[in-house]
Amino acid sequence: MVLLSLLTGLSLSSLAQAGEGWNRYNFQKQLRFERPRLPRNIGSPPRGRGGGSRGDCPYRPEFPPMMALVPGNATKLTVRESPTVWVYVPYTTDEVNQGKFYLQNEDGRQEFFRVDVQLPPTPGVVGIQFPSTYRLTLNQIYQWNFEIDCPTQDETQSQRAIVIGFIQRIDPPESIDVAPQESSLDRVAFYALAGIWHEAIDTLANLKLNSDESELVEREWNSLLRDENILLQELADAPIVGYVTITNPQLE
């Protein structure tokens, strides 16, 4: 099993030897996500779901509630300065047209940016890209928030719902250099086995949106969301409907 050297102590040469013969169809077993093991001098984001919504939105009880696609029992890591997070929104734009996305420090006392976003027209999983003008600091833990005014059965009123997640940027493990460079299922597997959640889910979501290998990608998407370290099985069949559009950036 290929595991990245920063997280397991394997040397780069050992990793390369273990990866010999790796190919794009090496998915005889289900895609598996490994909990990351960080060096002791680096803190980690809170565990647990951390992606459920605050607020009461009973208008669409037949669908899962709004929630972030984040691991249930693992830290939430990225190697990108301006990553993408994914959120399930069970509303059409006729019901909810806009939202807010903002980034804070771990305890929520300091805000780094806040942007207004427009949602895709149909319910489903949406990507929220961090503004390219803001870059996460290495090893710092952040709290991100996605907020909407959601509909209720009383059309004259709305209630606010907020999805909260945590994210931490780490240095890319050196063994990423030996991973396949194309946006492929191979690269998803490298990220997943390294415990780098946000790149694993983002790469796989883009494949689901754009790949011709729909049956294979769909199988691995279902496998990843049903993983015992992820616990997102209720969203495994939800469609990916694209990205939000930033309409009014308010960077500080």
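The values are calculated or read from the model by the stated rules, or taken from the named source; none is laboratory data. Just so we're clear, the structure is a prediction, and the values are computed from it rather than from any experiment. Don't worry about glycine lacking a Cβ; one is built from the backbone with ideal geometry, like all the others, and counts go over all protein chains shown. Please note that ligands, DNA and RNA were not included when accessible areas were found on the heavy atoms of the full protein model with its side chains. Shrake-Rupley method; radii C 1.70, N 1.55, O 1.52, S 1.80 Å.
Observations
- The residues of segment 68-87 that are open to solvent by 10 Å² or more (accessible area, probe 1.4 Å) and not polar (S, T, N, Q), listed by number, are VAL79, ARG80, GLU81.
- Output for segment 56-75, where each listed residue is over 12 Å from the mean Cα position of the chain (by Cα) and at pLDDT 80 or above: PHE63, PRO64, PRO65, MET66
- LEU103 open to solvent by less than 10 Å² (accessible area, probe 1.4 Å), in contact (Cβ under 8 Å) with a residue 40 or more places away in the chain, at negative phi and in a loop (DSSP other than H, G, I, E, B): no
- Selected residue (criterion: surrounded by the fewest Cβ atoms within 10 Å (Cβ to Cβ)) from residues of segment 203-252 that are in a strand (DSSP E or B) and aliphatic (A, V, I, L, M): LEU251
- Number of positions in segment 126-135 that are out of contact with any Ser or Thr (no Cβ under 6 Å at 6 or more places or on another chain) and buried (at least 20 other Cβ atoms within 10 Å of the Cβ): 2
- Taking segment 182-202 as the range and being surrounded by fewer than 22 Cβ atoms within 10 Å (Cβ to Cβ) and either assigned to a loop (DSSP other than H, G, I, E, B) or without any contact (Cβ under 8 Å) to a residue 60 or more places away in the chain (or both) as the test, the residues that pass are GLU182, SER183, SER184, ARG187.
- Of the set (1) touching a residue at least 40 places away in the same chain (Cβ under 8 Å); (2) exposed (fewer than 14 other Cβ atoms within 10 Å of the Cβ), all apply to ILE141 but (2).
- Hey, LEU119 under 27 Å from LEU225 (Cβ atoms), in contact with a Lys or Arg (Cβ under 8 Å, 6 or more places away or on another chain) and among the aliphatic types (A, V, I, L, M) or not: no
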